[in-house]
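What follows is calculated from the coordinates using simple rules that are stated; it is not laboratory data. As the structure is a computational prediction, the values presented were derived from the model and not from experiment. Glycine gets a Cβ as well: all are built from the backbone with ideal geometry, and neighbour counts include every protein chain shown.
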Amino acid sequence: MAEGASEGLVLLDFWVSPFGQRCRIALAEKGVEYEYREENLRDKSPLLLKSNPVHKKIPVLIDHGKPVCESLNIVQYIDEKWPDRAPLLPADPYARAEARFWADLVEKKVCIPPPPPRMYESGTKLWKLKGEAQEEATKEFIEMLKLLEGELGDKKYFGGEMFGLVDIALIPFTAWFYSYEACAKLSTEKEVPKLVAWGKRCRERESVSKSLPDPLKVYEFVCFLKKVYGIE
Amino acid sequence: MAAAEGGEVKLIGSWPSPFVLRARVALNLKGVEYEYLQEKPGPKSELLLRSNPVYKKIPVLLHHCKPVCESMIIVEYVDVVWAAATRAILPADPYERALHRFWAAYIDGKLFPSVVAIAKDEPKMAKVEAVEQLHTGIKLMEEAFERLSKGKGFFGGDAIGYLDIALGCFLGWFKVCEEVTGLKFLDEEKSPLLVGWAERFCSDEAVKDVMPENERLEEYTKLCRAFAAD
């Protein structure tokens, strides 16, 4: 296998990463062929370090030697590079702005200071923390999910009939719900039933079912991380 | 004037905010007539809370009374809605667009928190880290400018583009940081390209009348710190 990636499309990724999964889903929606390369995050490849020198993180999409970094940026790039099929953003400028807003919200909640309770971090707190801190984190997490559920409403997807950017931004985190529920004693089915139903609908799409890991495997990974961090 | 094409346009903002400045520069570049609604100090206006219930923050663009929030999302929206008005703000090529967006996200994620920590005169450790982060960031932006400008005057080439707006609107605040720390962040020696670019950006027609004056920003910073200390 070539060390570099000057030909075709290469995705540098890590199997459990929800950020990487966003890119896989987008590529699958567009029916685009690419080479998937699993990175060892404890021993990052020279290619990864060269392709994303600023953040040194996956995912990175390398298109004929040119790297694109940051998952939502990659998804938009994929959408704009292959505009002739499966649009991931609506045509209407206002609807596009709305989609970008909600995708950005999934990514972060602006709050300077204290540090923003990001979706991923917010969820991570659920298994990393214990006691009161975990309860607080759980409350924050549920609030965020309810906000998103409010935006979804009774629509099929966040974009209405069209599966798109916001769905792609959020769906990978649903593979972590089982782990969060096991660690933090919460029930997403009870708290956000519409969102859970949306998750099931998304997973009926081949692009999603093929890209998302088995929630049980994610839980195994979380248990492994808990051992590494010395959390009981 | 381009306003007629779009219909009624309002911008809820606050003069010190670099994020509001981004929206204003984008609207000015497109020649859009808009009503500027300056938020008063104190409790947020009913209109702002209604228009941005999630973050309750400025800027908010109101177009036909429909709100658009988040500064760079507003910039992209303005670029598309008034596409016919003047040249595009975002480049046409998908890869170039990805680069502009990547660096804009970097500015918001890494440079902005550093600027805030320095301007607010955070405790020593945080400030030392922030200063280092800002130096690193500006070095990276200098390199990015060399690659993206391709020898021309702006990140966007011949004219102000997406990344020019993202970074340029922080120039006033970089100066405040220099005042607070006594250090140089944008200097002739380490970031000569950005120094030249900064002058071009600040003197551009779309920027010069809306960029807040330094003295005013410094006064404002002092006030904020005095208020925080009480």
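Compute for chain A: radius of gyration divided by Kirkwood radius, i.e. Rg/Rh, restricted to C-alpha atoms, rounded to two decimals.
0.96
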Have a look at the DSSP beta bridges in chain A and tell me what percent are antiparallel, nearest 5. 70 percent
Local net charge near B:S191, Cβ-Cβ under 12 Å (Lys/Arg +1, Asp/Glu -1): -3
Past 19 Å, Cα to Cα: identify those pairs from A:K146/B:K44; B:K10/B:K66; A:K194/B:K56; A:K30/A:K146; B:K139/B:K175, in the order given. A:K146/B:K44; A:K194/B:K56; A:K30/A:K146
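Counting DSSP beta bridges with both partners in chain B, what percentage is antiparallel, nearest 5? Numbers along the way, then the final one.
Numbers: 9 of 13 bridges.
Bridges in chain B that DSSP calls antiparallel: roughly 70 percent.
At 0.36 nm per residue, minus the direct Cα-Cα distance, what do B:E33 and B:R87 gain on full extension? Give it in nm, one decimal, please. Let's see the in-between values first.
Numbers: separation 54, 0.36 × 54 = 19.44 nm, distance 1.71 nm.
Stretched fully, the B:E33-B:R87 segment lengthens by 17.7 nm.
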Assuming R0 = 22 Å, can you tell me the calculated FRET efficiency for the pair B:K40 and B:R216, based on Cβ-Cβ distance, to the nearest 0.05? 0.85
If R0 = 60 Å, then B:L49 and B:K190, at their Cβ-Cβ distance, give a FRET efficiency to the nearest 0.05 of 0.90
Rounded to one decimal in nm, the spacing of the 7 Å Cα→Cβ label points at A:D43 and B:K110 is 2.7 nm
How high is the relative contact order of region A:9-81, in percent, counting Cα pairs under 8 Å that sit 6 or more residues apart? 40 percent
Rounded, prolate or oblate, given the Cα gyration tensor of region A:9-81, with a/c below 1.5 counting as rounded? prolate
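Assigning unit charges at the beta carbon (Lys, Arg +1; Asp, Glu -1) and nothing else, what dipole magnitude in debye, to the nearest 20, does the protein assembly as shown show about its Cα centre?
920 debye
State the volume of the convex hull built on the alpha-carbon positions of region A:93-229, expressed per residue in Å³ and rounded to an integer. It would help to have the intermediate numbers written out before the result.
Values: hull volume 15.2 nm³, N = 137.
In region A:93-229, the Cα hull volume divided by residue count equals 111 Å³.
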By counting other Cβ atoms within 10 Å of each Cβ, how are A:W176, B:W15 ranked from fewest to most? B:W15, A:W176
Return the loop-located GluC sites (Glu not before Pro) in region A:1-78 (DSSP other than H, G, I, E, B) with at most 12 other Cβ atoms within 10 Å of their own Cβ; answer none if there are none. A:E3, A:E7, A:E33
Would you mind giving the mean number of other chain beta-carbons within 10 Å of the Cβ of each residue in A:83-96, as a whole number? 2
List the aspartates and glutamates whose alpha-carbon lies under 19 Å from that of B:K208, not counting same-chain residues fewer than 8 positions away? B:E33, B:E35, B:D158, B:D164, B:E199, B:E218
Quick one: if the Förster radius is 56 Å, what FRET efficiency do A:E206 and B:D209 give, using the C-beta to C-beta distance and rounding to 0.05? 0.55
Provide the gained length on full extension for the span B:L223 to B:R200, in nm with one decimal, where the gain is 0.36 nm per separating residue minus the Cα-Cα distance. 5.3 nm
For chain A, calculate the relative contact order in percent as a whole number, restricting contacts to Cα pairs under 8 Å that are 6 or more residues apart. 20 percent
Write down the radius of gyration of the protein assembly as shown and its Dmax, each obtained from C-alpha positions, in Å. 22.4, 65
Loop-resident sites, region B:1-109, for chymotrypsin sites (Phe, Trp or Tyr not before Pro), counting at most 16 other Cβ within 10 Å (DSSP): B:Y55
Let's test this: bin the Cα-Cα distances of region B:108-154 at 5 Å from zero up to the farthest pair and state each bin's percent. 5, 23, 24, 17, 12, 10, 6, 3, 0
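I need the semi-axes of the equivalent ellipsoid of chain B: take the C-alpha gyration tensor, multiply each eigenvalue by 5, square-root it, list largest first in whole angstrom. Walk me through the numbers on the way to the answer.
Working: eigenvalues 147, 116, 42 Å².
Taking √(5λ) for each Cα gyration eigenvalue gives 27, 24, 15 Å.
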With the crude spin-label approximation of a point 7 Å out along Cα→Cβ, what separation in nm comes out for A:E136 versus A:L225? 2.0 nm
